[in-house]
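The values are calculated or read from the model by the stated rules, or taken from the named source; none is laboratory data. Predicted model only: the values in this text are computed from it and were never measured. Here the Cβ positions follow ideal geometry from the backbone for every residue, glycine too, while neighbour counts run over all protein chains shown. Just the protein is used for accessible areas: all its heavy atoms, side chains included, with ligands, DNA and RNA removed. Shrake-Rupley method; radii C 1.70, N 1.55, O 1.52, S 1.80 Å.
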Amino acid sequence: MKILYFSWVRSKIGLAEETVTAPNRVNNVASFLAWMETRGPNYADALANPAIVRIAVNQDYASANHPINNDDEVALFPPVTGG
């Protein structure tokens with residue numbers, strides 16, 4: 001799974017991207033976020049309030065129940081605002 005980090009999520013985690021193999025129990029966005037929080041204090045800090053982190057799976061916004069697997073590209077970023 002390729003994971004991309006943007007904006008302050010990148011700053012808190014300390015990486016722009018990484019490639020990982022998630023455990024079998026990670027099968028949707030919600031379980032992905034729960035697993036990510038356990039990967040270390042920087043991940044826990046960045047994901048402390050998952051309601052303010054947006055997720056895209058294969059470049060499409062994804063909800064908590066969206067399926068996910070190790071072949072996917074997952075991006076984490078703050079809400080996008082515009083004007």
For this session: Pairs only if they're at least six apart or on different chains, beta carbon under 7 angstrom, first in the range 1-14 and part of a helix (DSSP H, G or I), second aromatic (Phe, Trp, Tyr) and open to solvent by less than 10 Å² (accessible area, probe 1.4 Å); list them, first residue then second.
Result: Ile13/Tyr5
For this session: Just name the residue that is nearest to Pro79 (Cα to Cα) out of those in the range 18-42 that are open to solvent by less than 40 Å² (accessible area, probe 1.4 Å) and among the β-branched types (Val, Ile, Thr).
Result: Val29
Seminar exercise, completed: Looking across the range 43-58 at residues that are over 13 Å from Ile3 (Cβ atoms) and out of contact with any strand residue (DSSP E or B) (no Cβ under 6 Å at 6 or more places or on another chain), the single one that is surrounded by the most Cβ atoms within 10 Å (Cβ to Cβ) is Pro50
For this session: Would you be able to say whether some residue in the range 46-57 is part of a helix (DSSP H, G or I), over 10 Å from the mean Cα position of the chain (by Cα) and either without any contact (Cβ under 8 Å) to a residue 60 or more places away in the chain or under 18 Å from Asn69 (Cα atoms) (or both)?
Result: yes
For this session: State whether one or more residues within the range 69-77 are at pLDDT 95 or above, more than 13 Å from Met1 (Cα to Cα) and open to solvent by 50 Å² or more (accessible area, probe 1.4 Å).
Result: no
